[in-house]
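Q: Shown below is the structure under consideration.
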Amino acid sequence: MRTLGIFCLLVAATVTMENHAVAKARPNIIVFLVDDMGWTDSSVYGSTFYETPNLSRLAGQGMRMTQAYAQPLCSPSRAALLTGKYPARIGMHQAITGQSKPNPIVPAAANPRQVVVWPQSRSHLPLSEQTIAEVLREVGYQTWFLGKWHLGAAPRFWPQQQGFETVIGVGGAGPSGGYFAPNNIPALQPGPDGEYICERLTDEACSLISRRGDDPFFLYLSHFNVHSPYEAPAEQIERFAAKMDPANEHQNPVMAAMLYAMDQSLGKIMQRLDDEGIADDTWLFFLSDNGGIHWHNMKGQYAERFPVPVTSNAPLRGGKACFYEGGIRVPMVVRKPGKIAAGAVCDVPVHMIDLYPTLCQIAGADVPRELSVDGVSLLPILTETGSLDRSRLFCHFPRSKTLAGTVGGSFVRDGDYKLIRLWFSGEQGTHAYELYNLKQDVGEQSNLAEQMPQKVAEMAEALDVWLEQTGALLPRLNPKSN
């Protein structure tokens, strides 16, 4: 019996060593997420005012995606990234606020002044969802989260409950108390007065990289920059104020300084990977959670001095909280030396939901079969060895009014065409439709719906099928409407 016991221990030790060896062979993964950074908010995507030299260096070493998509608002985008699902599946289409509900429904009726009854939106990412952090942790990854969470304010919904073993900062919409210490960000030890949160999160991330164990790591660095409140080091704001040009689409020096700080953070992360000799063993994904804020939203000391919009998403239409391209098309750059060709550009439409299966494949983990994952792995196009087996992308954004001045809408993109349904805003309670050819009209100015009724009908049917498949909460006409 003693011999058998020793044998069992040796087998267990051998299996443990083999699993550890397999884990060590897996690459590291970093997701560097920026908040409210528009598609053109960098020199990589055409800005001549903003300065992002490190992002330019990253793009020169990896692949720039020209048609990467997110949701129109932050919480749904973050849910999409972590679950690989369209947020319609979990009833989340709004940013989480005090009006969000634990179990959202479509109310039976609304105020008589409202024509439409709009669905409620979920207040947290359900713990029943198996996040990418949980999957990676199961195959031996160290999992680290830093920064903005915004997927549930109560501690029982924090990242520790969603697969992250190390958590530094659990912010909501913006940094509580502002970007400069003293602030009050949960799960973050107070720093010295005047400390800029972007720099603090970067230093914490670099420290984790240097103190890493033998197992590979998954670092999800979710910056508050460039969300409101609009604050940045004064010397950088003044530097950009000196180069303001009213003729430039981008002319907000506070936004420019916040973007520059974000870019400096990216540069420090890249440098730390170089210093540790692990850059070649690390996949680095850079992207934003939605489009930029295209209206004047500044408060405080700079509001009157710089009475300009936060940013411009031109040539795209709209911005954050819009279902037009300015609200959902975002910058995305991916680097993996030896896998991705340097300076590559990809025009294939991709989505945040695709990160889940992509990271699973990178890590050698299976996507759990029981999950309704909507994304597809991007490895075939990242490594330029194949194509994506998908033609359509979808979005469900039901709300009483968007910042584009329209009622809530849903859309389907099929090839170059994008069909937007404006819920119950047509004649006699019907839906209105807008159809655009994005290849010819990226600014969505020429509505082709009347010219192409068959295309509208075909795409509207595909949208209906998707809405049913996802169990999306659908708006309805208000029976009490006047």
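The values are calculated or read from the model by the stated rules, or taken from the named source; none is laboratory data. Bear in mind the structure is a predicted one, so any value in this text is a computation, not a measurement. Here the Cβ is made from the backbone with ideal geometry for all residues, glycine too, and neighbour counts use every protein chain on show. What goes into the accessible areas is simple: the full protein's heavy atoms, side chains included, and nothing from ligands, DNA or RNA. Shrake-Rupley method; radii C 1.70, N 1.55, O 1.52, S 1.80 Å.
Q: Check the stretch 36-45 and report whether any residue there is of a type in the set (A, V, I, L, M), at pLDDT 95 or above, crowded, with 24+ Cβ neighbours inside 10 Å and within 24 Å of GLY147 (Cβ to Cβ). Walk me through it before giving the result.
A: Filtering the stretch 36-45 down to residues of a type in the set (A, V, I, L, M) leaves 37, 44.
Filter once more, keeping what is at pLDDT 95 or above: 37, 44.
Subsequent filtering for residues that are crowded, with 24+ Cβ neighbours inside 10 Å retains 37.
Within this subset, residues satisfying the condition of being within 24 Å of GLY147 (Cβ to Cβ) are 37.
There is at least one residue in the stretch 36-45 that is of a type in the set (A, V, I, L, M), at pLDDT 95 or above, crowded, with 24+ Cβ neighbours inside 10 Å and within 24 Å of GLY147 (Cβ to Cβ).
Q: On to the next question. Which residue is least open to solvent (accessible area, probe 1.4 Å), if the candidates are limited to the stretch 436-482 and must be farther than 14 Å from ARG421 by Cβ, polar (S, T, N, Q) and assigned to a loop (DSSP other than H, G, I, E, B)?
A: ASN478
Q: Here's a follow-up. What pairs come up if the first residue lies in the stretch 432-453 and is in contact (Cβ under 8 Å) with a residue 60 or more places away in the chain and under 17 Å from ALA314 (Cα atoms), the second is assigned to a strand (DSSP E or B) and of a type in the set (D, E, K, R), and their beta carbons are under 8 Å apart, counting only those six or more places apart or on different chains?
A: Between residues of the stretch 432-453 that are in contact (Cβ under 8 Å) with a residue 60 or more places away in the chain and under 17 Å from ALA314 (Cα atoms) and residues that are assigned to a strand (DSSP E or B) and of a type in the set (D, E, K, R), the close pairs are LEU438/ARG413; LEU438/LYS418; GLU444/LYS418; GLU444/GLU434.
Q: If you don't mind, another one. Could you please tell me which pairs satisfy a Cβ distance under 8 Å, a separation of 6+ or placement on different chains, a first residue in the stretch 48-63 that is surrounded by fewer than 23 Cβ atoms within 10 Å (Cβ to Cβ), and a second residue that is assigned to a strand (DSSP E or B)?
A: Short answer, once both residue conditions are applied: GLN61/ARG335.
Q: Applying the selection to the stretch 318-367, what residues are of a type in the set (Ser, Thr, Tyr) and over 14 Å from the mean Cα position of the chain (by Cα)?
A: Initially, the stretch 318-367 is screened for residues of a type in the set (Ser, Thr, Tyr), giving 324, 356, 358.
TYR324, THR358, listed by residue number.
Q: Take the residues in the stretch 266-292 that are assigned to a strand (DSSP E or B) and polar (S, T, N, Q); name whichever of them is farthest from the chain's Cα centre (by Cα). Steps first, please.
A: If we filter the stretch 266-292 for residues that are assigned to a strand (DSSP E or B), which is where we start, we get 282-288.
Cutting the leftovers down to polar (S, T, N, Q) gives us 282, 288.
Details: THR282: 20, SER288: 5 Å.
Only one residue fits best here, namely THR282.
Q: What about GLU235, is it acidic (Asp, Glu) and in contact (Cβ under 8 Å) with a residue 24 or more places away in the chain?
A: Details: acidic (Asp, Glu): yes; in contact (Cβ under 8 Å) with a residue 24 or more places away in the chain: no.
Considered against the rule, which asks whether it is acidic (Asp, Glu) and in contact (Cβ under 8 Å) with a residue 24 or more places away in the chain, GLU235 comes out as no.
Q: So which of GLY326, GLY267 is out of contact with any helix residue (DSSP H, G or I) (no Cβ under 9 Å at 6 or more places or on another chain) and modelled with pLDDT of 95 or more?
A: Values: GLY267 fails: out of contact with any helix residue (DSSP H, G or I) (no Cβ under 9 Å at 6 or more places or on another chain).
Of GLY326, GLY267, the one residue that is out of contact with any helix residue (DSSP H, G or I) (no Cβ under 9 Å at 6 or more places or on another chain) and modelled with pLDDT of 95 or more is GLY326.
Q: Contact list please: Cβ distance under 9 Å, first residue in the stretch 375-390 and closer than 18 Å to GLY343 by Cβ, second residue basic (Lys, Arg) and open to solvent by less than 60 Å² (accessible area, probe 1.4 Å), pairs at least six apart or on different chains.
A: These pairs meet every condition: LEU382/LYS336; THR383/LYS336.
Q: Looking at the stretch 301-346, which of its residues are in contact with a strand residue (DSSP E or B) (Cβ under 9 Å, 6 or more places away or on another chain), surrounded by fewer than 24 Cβ atoms within 10 Å (Cβ to Cβ), over 30 Å from GLY409 (Cα atoms) and not aliphatic (A, V, I, L, M)?
A: The answer is LYS336, PRO337, LYS339, GLY343.
Q: Right, next: For the stretch 374-385, name all the residues that are touching a helix residue (DSSP H, G or I) at 6+ places or on another chain (Cβ under 9 Å), at pLDDT 90 or above and either in a loop (DSSP other than H, G, I, E, B) or open to solvent by 40 Å² or more (accessible area, probe 1.4 Å) (or both).
A: To start, the set of residues in the stretch 374-385 that are touching a helix residue (DSSP H, G or I) at 6+ places or on another chain (Cβ under 9 Å) comprises 374-379, 382, 385.
Remaining after also requiring at pLDDT 90 or above: 374-379, 382.
Those that are touching a helix residue (DSSP H, G or I) at 6+ places or on another chain (Cβ under 9 Å), at pLDDT 90 or above and either in a loop (DSSP other than H, G, I, E, B) or open to solvent by 40 Å² or more (accessible area, probe 1.4 Å) (or both): ASP374, GLY375, VAL376, SER377, LEU378.
Q: Residue by residue through the stretch 219-249, note down the ones that are open to solvent by less than 40 Å² (accessible area, probe 1.4 Å), more than 26 Å from LEU355 (Cβ to Cβ) and either under 22 Å from the mean Cα position of the chain (by Cα) or hydrophobic (A, V, I, L, M, F, W, C) (or both).
A: TYR230, ALA232, ILE237, PHE240, ALA241
Q: Quick one: in the stretch 408-435, which of the residues that are among the β-branched types (Val, Ile, Thr) and buried (at least 20 other Cβ atoms within 10 Å of the Cβ) is nearest to PHE394 (Cα to Cα)? Even if it seems obvious, please write down each step before you answer.
A: Filtering the stretch 408-435 for residues among the β-branched types (Val, Ile, Thr) gives 412, 420, 430.
Within this subset, residues satisfying the condition of being buried (at least 20 other Cβ atoms within 10 Å of the Cβ) are 412, 420.
Values: VAL412: 4, ILE420: 10 Å.
This residue is VAL412.
Q: While we're on this one: Under the condition of being within 18 Å of the chain's Cα centre (by Cα) and open to solvent by less than 40 Å² (accessible area, probe 1.4 Å), which residue from the stretch 89-103 is farthest from ARG156 (Cα to Cα)?
A: Within the stretch 89-103, the match that is farthest from ARG156 (Cα to Cα) is HIS93.
Q: A further question on this structure: For the stretch 104-139, name all the residues that are over 20 Å from LYS401 (Cβ atoms) and more than 28 Å from the chain's Cα centre (by Cα).
A: Residue satisfying the conditions is ALA108 alone.
Q: Name the residues in the stretch 294-319 that are among the hydroxyl-bearing types (Ser, Thr, Tyr) and within 20 Å of TYR179 (Cα to Cα), would you?
A: The first filter runs over the stretch 294-319 and keeps only residues among the hydroxyl-bearing types (Ser, Thr, Tyr), leaving 302, 311-312.
Correct list: TYR302, THR311.
Q: Taking ARG476 as the residue in question, decide whether it is closer than 28 Å to THR66 by Cα and out of contact with any Asp or Glu (no Cβ under 8 Å at 6 or more places or on another chain).
A: On the way: closer than 28 Å to THR66 by Cα: no; out of contact with any Asp or Glu (no Cβ under 8 Å at 6 or more places or on another chain): yes.
Taking the combined requirement at face value, the residue does not satisfy it.
Q: To continue, here is another question. State all residues of the stretch 125-149 that are part of a loop (DSSP other than H, G, I, E, B), open to solvent by less than 20 Å² (accessible area, probe 1.4 Å), touching a Gly at 6+ places or on another chain (Cβ under 8 Å) and not polar (S, T, N, Q); if no residue qualifies, say none.
A: LEU125, TRP149
Q: Pairs, please: C-beta under 6 Å, at least 6 apart or cross-chain, first residue over 20 Å from VAL226 (Cα atoms) and in the stretch 280-296, second aliphatic (A, V, I, L, M) and open to solvent by 10 Å² or more (accessible area, probe 1.4 Å)?
A: TRP283/ILE362
For every residue, the table says whether it meets (1) part of a helix (DSSP H, G or I); (2) surrounded by 23 or more Cβ atoms within 10 Å (Cβ to Cβ); (3) touching a Ser or Thr at 6+ places or on another chain (Cβ under 9 Å).
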| site | (1), (2), (3) |
| --- | --- |
| SER176 | no, no, no |
| PRO182 | no, no, no |
| PRO186 | no, no, yes |
| GLN189 | no, no, no |
| PRO192 | no, no, no |
| THR202 | yes, yes, yes |
| CYS206 | yes, no, no |
| ASP214 | no, no, no |
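Q: Being farther than 30 Å from GLU468 by Cβ, modelled with pLDDT under 95, assigned to a loop (DSSP other than H, G, I, E, B) and of a type in the set (A, V, I, L, M) is the requirement here; does ALA108 meet it?
A: Working: farther than 30 Å from GLU468 by Cβ: no; modelled with pLDDT under 95: yes; assigned to a loop (DSSP other than H, G, I, E, B): yes; of a type in the set (A, V, I, L, M): yes.
For ALA108, the condition - farther than 30 Å from GLU468 by Cβ, modelled with pLDDT under 95, assigned to a loop (DSSP other than H, G, I, E, B) and of a type in the set (A, V, I, L, M) - is not met.
Q: When only residues in the stretch 266-290 that are of a type in the set (Gly, Ala, Ser) and under 25 Å from ARG26 (Cα atoms) count, which is surrounded by the fewest Cβ atoms within 10 Å (Cβ to Cβ)?
A: Filtering the stretch 266-290 down to residues of a type in the set (Gly, Ala, Ser) leaves 267, 277, 279, 288.
Checking which are under 25 Å from ARG26 (Cα atoms) leaves us with 267, 277, 279.
Details: GLY267: 17, GLY277: 8, ALA279: 18.
Of everything passing the filter in the stretch 266-290, GLY277 is surrounded by the fewest Cβ atoms within 10 Å (Cβ to Cβ).
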